[in-house]
1. Exposed loop GluC sites (Glu not before Pro) only (DSSP loop, at most 15 other Cβ atoms within 10 Å): please give the longest stretch of the chain free of them, not including the sites.
2. Calculate how many DSSP beta bridges within region 1-125 are antiparallel, expressed in % of all such bridges and rounded to the nearest 5.
3. I need the phi-derived Karplus couplings for region 120-134: 6.51 cos²θ - 1.76 cosθ + 1.60, θ = phi - 60°, integer Hz, Gly and Pro marked x.
4. From Cα pairs below 8 angstrom and at least 6 apart in sequence, can you work out the relative contact order of the chain, rounded to a whole percent?
5. Please list 3J(HN,Hα) in residue order for region 38-43, calculated via the Karplus relation 6.51 cos²θ - 1.76 cosθ + 1.60 where θ = phi - 60°; whole Hz, with x for glycine and proline.
6. Give the percent of DSSP beta bridges with both residues in the chain that are antiparallel, rounded to the nearest 5.
7. Regarding region 103-246, what whole-number volume in Å³ per residue does the convex hull of its Cα atoms give?
8. Ranked highest first by the average count of other Cβ atoms within 10 Å around their residues, in what order do 102-108, 248-254 fall?
Amino acid sequence: METGTLNVPGADIYYEVRGSGPALLLINGGDGDAALFGPLATLLAGRFKVITYDPRGNSRSRLTGEPGEQRIGEHADDAHLLLRALDAEPAYVFGTSYGGMVGMDLLARHPAQVRALVAHEPFVIELLPDAGRWHARFQEVYEIYRREGADTALRMFSADVGVDLPPEPSEGLPAPVREMLDRVRANLDTVLAYELRSFVRFRPDLDALRDAPIVVAFGAESGETLLRRTTEAVAEGLGRRIVEVPGGHVGFLTNAGEFAKTLGDVLGDPVPPKG
């Protein structure tokens, strides 16, 4: 595995590269970092040149200026610059949650860089008819974070959205897993302070994406959550059906073997029929 750091405006982006073949960029969401994609990347490295990275402000991708409100467009610019620096154009792209939104912005603004995009459970609140209610709710989450800390705010957010909280980094876990969980927990401050309220105001350019090579995916075990509604809204806006993939919101980690096979199959036929 090759590792490196790319300087971009406002941040130093830590990345990892495995394998050879056509490039496949994996984009995390929320508090995640490259390690969450480790098992999936290893499984796919026999077929692809797999690129993973820590999003700006998370884990090893430190900000080089004062922290402040972040935008999906900034993160898409990071992905754009990373693909260019690694001579990985055009690339297949898989983005989960916020990462799916980053992938959509990348594809809309830099279509020549993307062979195909799989947007997994994209958190596109702006496409919902009750978006205003959710914006107000996430403002409450932020205010609780400021008053009571990240743990209380995260429990509220998790209950609203329908995703599980990350596990505690207990002593019984292998050292690399504990280290990853420690990093993820530290990233929660960035998510709650600088990402959540601005990221959920992202509206994808549906006109630019409607005829683009994009797959909208949802976890077979994710259930009827807010993320189901946002995924359905994206699929409806694009005139696409939803492709079911193994596991839940982090099925790429919990069901890595099945997920790798399904993702490889989907990328081989990247535009499902409309309907």
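A short reminder: the numbers here are calculations on the coordinates, not readings from a lab. Treat the numbers as computed from the prediction; the structure is a model and nothing was measured. Don't worry about glycine lacking a Cβ; one is built from the backbone with ideal geometry, like all the others, and counts go over all protein chains shown.
1. Numbers: sites that count: Glu69, Glu171, Glu221, Glu224.
Answer from the scan: 70-170.
2. Values: 12 of 26 bridges.
The answer is about 45 percent antiparallel.
3. 9, 6, x, 9, 8, 4, 4, 8, 8, x, 9, 4, x, 4, 6
4. Normalised by residue count, the contact order of the chain is 20 percent.
5. x, x, 5, 4, 5, 5
6. Numbers: 12 of 34 bridges.
Bridges in the chain are about 35 percent antiparallel.
7. Working: hull volume 19.6 nm³, N = 144.
Considering the Cα atoms of region 103-246, their hull volume per residue is 136 Å³.
8. Details: 102-108: 26.7, 248-254: 21.7.
Going from most to least packed, we get 102-108, 248-254.
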